[in-house]
1. In the stretch 157-178, which residues are hydroxyl-bearing (Ser, Thr, Tyr), surrounded by fewer than 17 Cβ atoms within 10 Å (Cβ to Cβ) and either in contact with a strand residue (DSSP E or B) (Cβ under 9 Å, 6 or more places away or on another chain) or in contact (Cβ under 8 Å) with a residue 12 or more places away in the chain (or both)?
2. Would you confirm whether or not the stretch 240-248 contains a residue that is touching a residue at least 12 places away in the same chain (Cβ under 8 Å), closer than 25 Å to Glu90 by Cβ and hydrophobic (A, V, I, L, M, F, W, C)?
3. Restricting to the stretch 41-73, give me the number of residues that are at pLDDT below 95 and hydrophobic (A, V, I, L, M, F, W, C).
4. Return yes or no: is Ile128 at pLDDT below 95, of a type in the set (A, V, I, L, M, F, W, C) and in contact with a helix residue (DSSP H, G or I) (Cβ under 7 Å, 6 or more places away or on another chain)?
5. Being part of a strand (DSSP E or B) and more than 13 Å from the chain's Cα centre (by Cα) is the filter here; which residues of the stretch 127-173 pass it?
6. Pick from Gly148, Gly154: which is under 14 Å from Asp208 (Cβ atoms), buried (at least 20 other Cβ atoms within 10 Å of the Cβ) and not polar (S, T, N, Q)?
7. In the set Val38, Val29, which member is closer than 23 Å to Tyr68 by Cβ and buried (at least 24 other Cβ atoms within 10 Å of the Cβ)?
8. Can we say Gln71 is in contact with a Leu (Cβ under 6 Å, 6 or more places away or on another chain) and farther than 30 Å from Arg243 by Cβ?
Amino acid sequence: MIKGIHATVIGDSHIRRHVVCQDSSGVYVDEKFGIAVVADGHGSAKHFRSDVGSRIAVKISIELLKKYMNQTDFKNQFRQYPDFILQQMEKQILMKWREAVEEYHKENPLSEEEKKLFPDEEKARIKIPVIYGSTVLIAVMADGFSYGMLLGDGGFVVLSRKGRISIPVEDPNSHANYTSSLCNTNAFLYFQHWYSEEEPAAMFVSTDGLFKSFASEEDFLKYHGLITQMLGDPEKAKTSLKRNFEKRTREGSGDDISIALVYKEGTQTEE
């Protein structure tokens, strides 16, 4: 049986600057598959509604992938044409995210306070998706196959049935203070994906606030091994993760931190 948990904490720097949490996370599991999603809204001034953008990214991704996964014969179709189907999913996520932020913007036009953020000559040039800019990272586990997609920085980690922890895919276009985004003009071109005909023991996606709280990639991966030791009690694990994230953002990155994971019941590594 597949299970899932997710956790999000606001960054310490956001608390000090009275900035809202711009991360979002979510999971969906049933008897056939599990979906884990995180999204990180951008922090710069022009993305001032990115907290909404990240929430929409998580909601849209879960809803869309549930529909795909529940299609008759999806497993066989996916195994025959994995890259094609993943590209179609990526296009749909991007299109539906943009439709959703446009709809939200129509129902919630800029306030007078928000309009003051821009000089008059810039107001006419504001692109609505930019205001809501966000990354998105997705992991899906099912019986006999698994896959993931990501647009932007963050962590995508897989624990194999043999206990090997790895990062099978990253966004090569994200570096320093730049990240690929759902609001990019050619965002579809920057999606990365991964798939396997094996069902791993666990799959994790996290925002970059987590990765930045470690001194090395090795330490980052070891931490995921520690997480699997908690999975015998999901509620306790979620509470422990939040407490640890609060400490990490306070003593390290200062950024929001989110994680979402799906795993096979009984998955635990040894101490």
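1. Correct list: Ser160, Ser166.
2. No - not one qualifying residue is present in the stretch 240-248.
3. Going through the stretch 41-73 one residue at a time, the tally reaches 2.
4. When the stated conditions are applied, Ile128 passes them.
5. If the condition is that a residue be part of a strand (DSSP E or B) and more than 13 Å from the chain's Cα centre (by Cα), then Met141, Ala142, Phe145, Ser146, Tyr147, Val158, Leu159, Ile165, Ser166 are the ones that fit.
6. So the residue among Gly148, Gly154 that is under 14 Å from Asp208 (Cβ atoms), buried (at least 20 other Cβ atoms within 10 Å of the Cβ) and not polar (S, T, N, Q) is Gly154.
7. Val38
8. Spelling it out, it is not the case that Gln71 is in contact with a Leu (Cβ under 6 Å, 6 or more places away or on another chain) and farther than 30 Å from Arg243 by Cβ.
The values are calculated or read from the model by the stated rules, or taken from the named source; none is laboratory data. Just so you know, these numbers come straight off a predicted model, no measurement behind them. Cβ sites come from the backbone with ideal geometry, for glycine too, and all protein chains shown count toward neighbours.
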